[in-house]
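The following block contains the structure, expressed as structure tokens.
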Amino acid sequence: MAYTANYEQFKFTENDGATFAGKRVLITGSGKDGGIGQSLALAAAANGAEVIGVHFHSSYRDGFDLVEAIQAQGVKAFALQADVTNSRDLWASRSYVIEEMGGKGPDIIVCNSGLTEGGYRFGRALPEIENESRAERRARVRQDFINNLSESSLVLNTKIDGFLAMSHLWAGEAIYHKQPLQLIYISSMQAIEPGIAVPGYVVANWAVLRLPEVLRVNLGRSADMVNACCLMLPFVRTGMTAEYADNEKVFGRWQPRMLEPFEAAHGVTQLLGRSADDLDLGNYKLGVGGSADDIELKWTQIKIDVNEEEMA
């Protein structure tokens with residue numbers, strides 16, 4: 001069984017443990033065991049959600065196990081397999097989600113789907129290899145170039161295309177049925193403080209920060225039906241980051257240690273205890289202070305201002 005989380009760690013006291021009280025919640029990319037999406041699904045289940053949609057693309061075994069674990073706690077949950085970058089696949093999931101949620105759409109959608117990169121130095125040439133011929137070097141550099149950009153493209157498509165498609169689909173449903181919707185976009189602190197070797201990841205997470213405002217402008221008079229905000233998370237120990245958990249060169253400039261998934265979920269649950277109207281259009285960064293043994297979490301709101309100046 002691919003489920004290793006401790007459910008009790010996700011019972012939080014904020015708002016009397018009812019941050020998600022009575023809400024229908026859909027979380028994309030929540031199938032992977034030990035991932036941020038799984039931790040948010042468990043936080044919703046343990047803090048009052050009525051029903052939870054566990055979305056995954058390929059992590060179906062972990063996803064089904066998570067659904068069973070939530071159901072064992074007496075909370076309704078269902079599995080949803082779809083490729084968020086495939087518009088036909090996503091559209092086909094619409095009626096199923098509504099059916100599983102009792103004939104209504106979600107109250108809260110957490111757009112969490114995402115990938116990271118194995119790492120490459122953006123714009124840097126590969127080091128030379130002694131006695132390597134020019135022809136061999138050209139072939140090696142070409143293959144490395146193709147592999148790196150293919151990886152970045154997949155990261156960009158999953159985050160940007162996936163979030164855009166989910167927003168378009170479910171905002172439309174919310175407005176048509178006059179049912180308020182809150183969209184939560186999971187970004188990264190590296191969107192505003194870029195780390196090395198992950199250019200696609202940084203660019204994708206930066207693009208996400210503009211989605212709430214883009215959506216608001218396009219919804220026009222119907223904008224009051226949909227609230228949206230972005231959460232910039234720090235380094236969290238997941239299957240994608242576990243190999244760096246003890247490498248302070250990776251996370252040391254930002255935090256004393258990597259957060260565990262339940263700690264990140266605790267921070268998100270704290271923030272979502274505020275009203276959707278209060279959070280609307282905001283970009284919020286979860287900071288990690290204190291020491292490795294005594295972590296302190298603190299949210300800050302990040303303002304992205306555009307200043308225009310005339311050139312000489």
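What follows draws every value from the coordinates through simple rules; no lab data is involved. Remember, it's a predicted structure, so these values are computed and weren't measured experimentally. Because the Cβ atoms are built from the backbone with ideal geometry, glycine has one as well, and the counts that use them run over all protein chains shown.
Region 275-308: which trypsin sites (Lys or Arg not before Pro) are DSSP loop and have at most 11 other beta-carbon atoms within 10 angstrom?
Values: sites: K285, K298, K303; in loops: K303.
Answer by residue number: K303.
In straight Cα distance, which lysines are under 18 Å from K298, not counting same-chain residues fewer than 8 positions off?
Within the straight-line cut-off, K298 pairs with K285.
Sequence-distant or interchain residues sharing an amide H contact under 5 Å with L80, placed H: which?
Placed amide hydrogens put V54, H55, F56 under 5 Å from L80.
Please list, in order, the residues from region 153-181 whose amide nitrogen is less than 12 Å from a point placed 7 Å along the Cα→Cβ vector of S95.
Within reach of a label on S95, which here means backbone N under 12 Å from a point 7 Å along Cα→Cβ, region 153-181 contributes nothing.
Please check: in the Gaussian network model of the chain (C-alpha springs, under 10 Å), which one of L90, L80, L209 has the largest mean-square fluctuation.
L90
Taking the alpha-carbon centroid of each part, what is the distance from region 1-48 to region 111-152 in angstrom?
38 Å
Excluding residues fewer than 8 places away in the same chain, name every one of the aspartates and glutamates whose C-alpha is closer than 16 Å to that of K178.
Answer for K178, where 16 Å is the Cα cut-off: D107, D224, listed by chain and number.
Also: Can you compute the modelled spin-label distance between N131 and Q179, with each label point 7 Å from Cα toward Cβ, in nm?
Result for the modelled spin labels: 6.8 nm.
Among DSSP bridges having both ends in the chain, what percentage is antiparallel? Round to the nearest 5.
Numbers: 8 of 37 bridges.
Antiparallel: roughly 20 percent of the beta bridges in the chain.
Here is a follow-up. In debye to the nearest 20, how big a dipole does the chain give about its Cα centre with +1 on each Lys and Arg Cβ and -1 on each Asp and Glu Cβ?
580 debye
Please go through region 133-231 and write out the trypsin sites (Lys or Arg not before Pro) that DSSP classes as loop and that have at most 13 other C-beta atoms within 10 Å.
Filter output for region 133-231: K178, R210.
GNM on the chain, C-alpha springs below 10 Å: top fluctuator among V155, V202, V250?
Looking only at V155, V202, V250, the biggest GNM fluctuation is shown by V250.
Pop a pseudo-label 7 angstrom from the Cα along the beta-carbon direction at both R61 and H168 and give the gap in nm to one decimal.
So the label points at R61 and H168 sit 3.5 nm apart.
Also: Restricting attention to region 60-134, which GluC sites (Glu not before Pro) occupy a DSSP loop and are surrounded by at most 12 other Cβ atoms within 10 Å?
E128, E130, E132
Quickly estimate the mean residue ellipticity at 222 nm for the chain, helices only: each DSSP H run with n ≥ 4 gives -39500 (n - 2.57), and the total goes over all residues, rounded to 500.
-11000 deg cm²/dmol
If you take every residue apart from T4 with its C-beta less than 10 Å away from the C-beta of T4, what net charge results, scoring Lys and Arg +1 and Asp and Glu -1? Mind dumping the intermediate values first?
Numbers: positive: none; negative: D33, D62, D65.
That works out to -3.
Separate question: Going Cα to Cα from K32, which lysines come in below 21 Å? Please leave out same-chain ones fewer than 8 positions away.
Output for K32: K11, K76, K159.
Which of Q190, Q81, Q301 moves the most in a Gaussian network model of the chain with Cα springs under 10 Å?
So, out of Q190, Q81, Q301, the one fluctuating most is Q301.
On to the next question. If each residue of separation counts as 0.36 nm, what is the full-extension length gain between N6 and Q71 once their alpha-carbon separation is subtracted?
22.0 nm
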